[in-house]
Amino acid sequence: MTQANEDSNNEVTPEIQGEFSAFIEPFFSTYHRVRCYPGLIFQQGKRTMLQINVPAGHFSDILRADPADDNDPNSGKNRPEVKGHAEEIKEYVLERVRKGKPWILGTITANVAAEKIKILEFTRGICLVVIRRGVKLDITDGQHRKRAIHELIETDEGELISDADFPITLVLEGDFRQCQIDFKDMAQTRSLDNSLLKSFGEYEGQIGIMWQLIEKVPMFHNRTEKIKATPPSTKGLIYTTNYIARFISCVFANNPNDELQHLDVDKCSEALVNCLNQFFYECNQTRTTFEKTDKKLKSEEVIVFKEKGLLGMSAGLETLGRLLYLTYTQDTYSFNQDKVSQLAQIDWARSNPIWENNLIRIDPNPKNPEKRYKLSTGANAVTDAVKMLKSKLGWIENPSY
């Protein structure tokens, strides 16, 4: 929020601000030799909790992580440290700060016995929290964030976050076992589906290209699940944002996990949109579905499309993406149209023997004879399928492949 917006939304007059400042400042002066923070008191789970905001430079002084040893949960209040996780957080913050972009880290939860701190309560939960020298707040949740912030502050780039404040939820709890239970309770959150993470990602690189494809390629438009891990056929959906994002990274980097931060989104998107619209129109397995641009697909149509072919599945898309990688020229932002047509002429049906022992495994004793083709989704299956297709097409190996 800009300063102008803050001013326009602030209904507290300068006179009242002055009176409040005159009231509160003596308390800060009294406790200037210790840590003193404005806070809010609230009740939850039969306990009293506090919410305070702490400058980055104070982390090492007041916060303490107590991770357990690898095989001894009673040796600490937190889980054993996950190697590399703090480094990932540091890289995320630095990347965003260096680009001048917004960033955010979640609230850290810590605990301390009530008698070790002083709470000066004024009214309606508004208070000052005084933390004496030597008192440490034991982290219940957020040890990797704490370590990342501390290590950043200690580096030459520490000034990049030196003005940042970080929220801490402080539980007035001194019982060791209860702190462990609190960690377990807070850890019981549902993991986010990759499709949801892609849908809420920043509009650049892999994700920026993904959104343009969803809007401009009829095969994907109104046929992509943007929240859940799997596309519901009952809604006429074939793909997920995660399927498409992984496919895009295969096309431009031959790696489904590359976020493609260095690419020109508009130029790459335009090239891939044209390429895909050519491919999906020319391919017998996709043309009918591709041309139904103004009609919602019926669930039975989606089911047949996915059960009969490979191009409605993530593994099939990744195979196509790795093959398109061999047709792309980065300097001109263009795909070889002749080679794209060659790919479109391939029989992408599961019944094609070329997919056997790579993307497809045949069930010798199927319960349903119509469903004897089992899809293999592993990375090796995709790699083997690509090798088979390159050999069949007679394509020369790309030195960068």
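The values are calculated or read from the model by the stated rules, or taken from the named source; none is laboratory data. None of the values given here were measured: they were computed from a predicted structure. When we count neighbours, we look across all protein chains shown, and the Cβ atoms used for this are built from the backbone with ideal geometry, even at glycine. Protein only, heavy atoms only, side chains kept; ligands, DNA and RNA dropped before computing areas. Shrake-Rupley method; radii C 1.70, N 1.55, O 1.52, S 1.80 Å.
If you roll a 1.4 angstrom probe over the protein chains with everything in place, what fraction of the accessible area of segment 102-251 belongs to carbon and sulfur, to the nearest %?
50 percent
Just to confirm, what accessible area per residue do you get for the chain at 1.4 Å probe, in whole Å²?
Roughly 56 Å² per residue, with all protein chains present.
What 222 nm value per residue comes from the helices of the chain, counting each DSSP H run with n ≥ 4 as -39,500 (n - 2.57) and dividing by all residues, nearest 500 deg cm²/dmol? If you can, show how the numbers build up before the last one.
On the way: 15 runs with 164 residues, N = 401.
After summing the helix terms and dividing by the residues of the chain, the value is -12500 deg cm²/dmol.
Along Cα→Cβ, 7 Å out, is where each label goes; now give me the distance between the ones at Asp266 and Arg361 in nm to one decimal.
Using points 7 Å along Cα→Cβ, the separation is 4.8 nm.
Rounded, prolate or oblate, given the Cα gyration tensor of segment 234-278, with a/c below 1.5 counting as rounded?
Here segment 234-278 falls in the oblate category.
Applying 1/(1 + (r/R0)^6) with R0 = 45 Å to the Cβ-Cβ distance of Glu370 and Glu81, what FRET efficiency is obtained, to the nearest 0.05?
Values: r = 51 Å, r/R0 = 1.13.
So, using R0 = 45 Å, E works out to roughly 0.30.
Rank Thr107, Ile24, Ile244 by how far each Cα sits towards the positive end of the charge dipole of the chain (+1 on Lys, Arg Cβ; -1 on Asp, Glu Cβ) and give me just the farthest.
Ile244
Tell me the label-point distance for the pair Ser21, Gln345, using the 7 Å Cα-to-Cβ offset, in nm and rounded to one decimal.
Using points 7 Å along Cα→Cβ, the separation is 7.9 nm.
Suppose we keep just the DSSP beta bridges with both residues in the chain; what percent of those would be antiparallel, to 5?
The answer is about 75 percent antiparallel.
State whether segment 260-401 is rounded, prolate or oblate according to the following rule on the C-alpha gyration tensor (a ≥ b ≥ c being the square roots of its eigenvalues): a/c under 1.5 gives rounded; otherwise a/b larger than b/c gives prolate, and the remaining case gives oblate.
Working: a/c = 2.10, a/b = 1.33, b/c = 1.57.
Since a/c reaches 1.5 but b/c is at least a/b, the shape of segment 260-401 is classed as oblate.
Set the Förster radius R0 to 41 Å, insert the Cβ-Cβ distance between Lys295 and Glu88 as r into 1/(1 + (r/R0)^6), and round the FRET efficiency to 0.05.
On the way: r = 44 Å, r/R0 = 1.08.
E(calc), rounded to 0.05, equals 0.40.
Rounding to the nearest 20 debye, state how big the charge dipole of segment 317-401 is about its Cα centre with +1 on each Lys and Arg Cβ and -1 on each Asp and Glu Cβ.
For this selection, approximately 360 debye.
Report the FRET efficiency, 1/(1 + (r/R0)^6), for His32 and Asp66, where r is their Cβ-Cβ distance and R0 is 30 Å, rounded to 0.05.
E between His32 and Asp66, to the nearest 0.05, is 0.55.
Using only the Cα atoms of segment 222-300, build the gyration tensor, take square roots of its eigenvalues as a ≥ b ≥ c, and label the shape rounded, prolate or oblate: rounded if a/c is under 1.5, else prolate if a/b is larger than b/c, else oblate.
oblate
Taking N as the number of residues in the chain, what is its alpha-carbon radius of gyration divided by 2.2 N^0.38 Å?
Compared with the compact-globule rule of thumb, the chain sits at 1.31.
Take peptides 93-101, 18-26 and line them up by average Cβ neighbours within 10 Å, highest first, as a rough protection proxy. Each step should come with its number before you reach the end.
Values: 93-101: 13.1, 18-26: 10.4.
Descending packing order for the listed peptides: 93-101, 18-26.
Applying a 10 Å radius around every beta-carbon, put 103-115, 269-281 in order of their mean neighbour count, most first.
269-281, 103-115
Need the list of lysines near Lys46 for cross-linking: C-alpha distance under 19 angstrom, and skip anything on the same chain fewer than eight residues off.
Partners within reach: Lys184.
Keeping every protein chain in place, order His262, His85, His144 by accessible area at 1.4 Å, biggest value first, i.e. largest first.
His262, His85, His144
Taking the Cα centre of segment 168-321 as the origin, how large is its charge dipole in debye, to the nearest 20, when only Lys and Arg (+1) and Asp and Glu (-1) carry charge on their Cβ atoms?
Dipole of segment 168-321, to the nearest 20 debye: 680 debye.
Determine the alpha carbon to alpha carbon distance for each of Lys296/Lys371; Lys226/Lys295; Lys90/Lys116; Lys216/Lys292; Lys216/Lys392 and list only those over 21 Å.
Listed pairs above 21 Å: Lys296/Lys371; Lys90/Lys116; Lys216/Lys392.
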